[in-house]
Amino acid sequence: MSAPLPPERPGADGHAAGRGTAVLDGTAPAAPALPGVPAPRARRPSRLRALDGLRLIAALMVALYHLGGRGGEIATAWGSSPSQQFPTASVLFAYGCLGVQIFFVISGFVICMSGWGRTLRAFIASRVSRLYPAYWVAILLVTAVFALPWVAFKALGPSDVLTNLTMLQQPLGAKRVLGVCWTLWAEMRFYALFALCVILPGATRRRVVLFCAGWTLAAALAKAAHVPALDLVLMPEYAPFFIGGIGIYLLHRYGAKDPIAWAIVGVSWLIGQHEAVAGLWHPPTANAFSYRSAVGIIAVVTVGFLLVVLIALGKFDWANWRWLTVAGALTYPFYLVHEHLGWVVVQALHQGLGLSSSATLALTVGGMLLLAWVMHRWVERPLTPVLKRAVAGKG
């Protein structure tokens, strides 16, 4: 997601001190800044709960796309194409896939924020403990449900399922249990690049700026070179969204008068909208499930960038409701389970019980949110700190 991974609050020792919401990094200006280099802004106590709300909105966008904005297996669940179930709304739902690009922008912001001042081991422990507990449960849960004899969708074989537990199924060539896990593979590659280039030598403004500039140029060259290995590492189709999020964090940390941060964000948006249109636009055709206009794609990408910028600059500090923290905590487990288990629920409610399309969609999304809360409460909350201590070497 990003995959939509739970942001965290850096504590005084550089480790996470909270769950489910992004917060300010707490850096206060110390020594005078070098000429031409802005000083970090003063510490503010407010938590960026609005970012959690945006993450849940992006997750709901993806869910509406998977359940009503495309063809494939979901047509089996509905009994017909979702475009027939939602003749008008399916056209809008088709843009929901762009929630992934918004996730990546948020991920760039959060990883730069939470990684600043951390050791490499602490960073790895944080990422492993955030990613894997809910992911393992989602893999096993989807496999178990699909193995039931009355479910129309078939589980993968044991070898593929076991390989999926590593989260490396894509590079290893195994079939995927979760369709959404391709975004986690993109997130992992971003973490690796950021860890090697920024976390390992130590995060500084200069190093982060050079990382953004270098990755932007390298990704463009990789696209021109047509070398699969370079595409795999540098991810030119997703890089501008991660880089844009990092640039937005620099605005958050150093203030809106930082021209270099604005340049990073602006260039990333320009390249990002190009990559989104190139990947998602197609000419109108009767054979396609849906038609996304280039203007519509650009508009969604632009709104995503703009909202993260406004949140980073404090324009949504008024949205400080505690329930947004819960919303942020549910986003990742919801993202993992909503698609495949959603197919099963849609089929049971719509074809089995005869509920209307709208009622089925609403109940399915609500049910997946409830399941996400159960996973957060009984899987993530107890297991995340245990796994973090194990990886970080703290008993």
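Residues that are within 18 Å of the chain's Cα centre (by Cα), at least 1 per element: which helices (runs of 4 or more DSSP H) completely within segment 299-395 meet that? Walk me through it before giving the result.
Details: elements: 323-346, 357-375, 381-392.
Fully inside segment 299-395 and qualifying: 323-346, 357-375.
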Within segment 254-312, work out how many residues are of a type in the set (A, V, I, L, M, F, W, C), touching a Cys at 6+ places or on another chain (Cβ under 9 Å) and modelled with pLDDT under 95.
-> 1
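Can you pull out the residues in segment 156-175 that are farther than 30 Å from residue 211 by Cβ, touching a Leu at 6+ places or on another chain (Cβ under 9 Å) and surrounded by 15 or more Cβ atoms within 10 Å (Cβ to Cβ)?
161, 163, 164, 174, listed by residue number.
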So which of 86, 103, 146, 153 ends up being within 30 Å of residue 247 (Cα to Cα) and of a type in the set (A, V, I, L, M, F, W, C)?
-> 103
Would a scan of segment 337-345 turn up a residue that is within 21 Å of residue 384 (Cβ to Cβ), crowded, with 16+ Cβ neighbours inside 10 Å and out of contact with any Lys or Arg (no Cβ under 9 Å at 6 or more places or on another chain)?
-> yes
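Would you say residue 258 is of a type in the set (Asp, Glu) and either over 27 Å from residue 38 (Cα atoms) or out of contact with any helix residue (DSSP H, G or I) (no Cβ under 8 Å at 6 or more places or on another chain) (or both)? Lay out the reasoning, then the answer.
On the way: of a type in the set (Asp, Glu): yes; either over 27 Å from residue 38 (Cα atoms) or out of contact with any helix residue (DSSP H, G or I) (no Cβ under 8 Å at 6 or more places or on another chain) (or both): no.
So residue 258 does not fit the description; no.
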When segment 351-362 is examined, which residues are found to be farther than 19 Å from residue 88 by Cα and buried (at least 21 other Cβ atoms within 10 Å of the Cβ)?
-> none
Helices (runs of 4 or more DSSP H) fully within segment 217-295 counting 1 or more residues that are over 23 Å from the mean Cα position of the chain (by Cα), closer than 20 Å to residue 105 by Cβ and β-branched (Val, Ile, Thr) = 259-280
Can you find even one residue in segment 319-332 that is among the small types (Gly, Ala, Ser), modelled with pLDDT under 95 and surrounded by fewer than 21 Cβ atoms within 10 Å (Cβ to Cβ)?
-> yes
Number of the exception - residue 92 against (1) farther than 30 Å from residue 204 by Cα; (2) touching a Leu at 6+ places or on another chain (Cβ under 6 Å) | (2)
Of the residues 149, 87, 82, which is under 29 Å from residue 350 (Cα atoms) and either touching a Cys at 6+ places or on another chain (Cβ under 6 Å) or buried (at least 22 other Cβ atoms within 10 Å of the Cβ) (or both)?
-> 82
With the condition kept exactly as written, say whether any residue in segment 232-248 is surrounded by fewer than 19 Cβ atoms within 10 Å (Cβ to Cβ), out of contact with any Gly (no Cβ under 7 Å at 6 or more places or on another chain) and on the phi > 0 side of the Ramachandran plot.
-> no
Residues being of a type in the set (A, V, I, L, M, F, W, C), at pLDDT below 95 and in contact with a helix residue (DSSP H, G or I) (Cβ under 8 Å, 6 or more places away or on another chain) - total across segment 131-154 = 3
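The values are calculated or read from the model by the stated rules, or taken from the named source; none is laboratory data. Computed from a predicted model, the values in this text were never measured in an experiment. Positions of Cβ are generated from backbone atoms using ideal geometry, with glycine treated the same way; all protein chains shown enter the neighbour counts.
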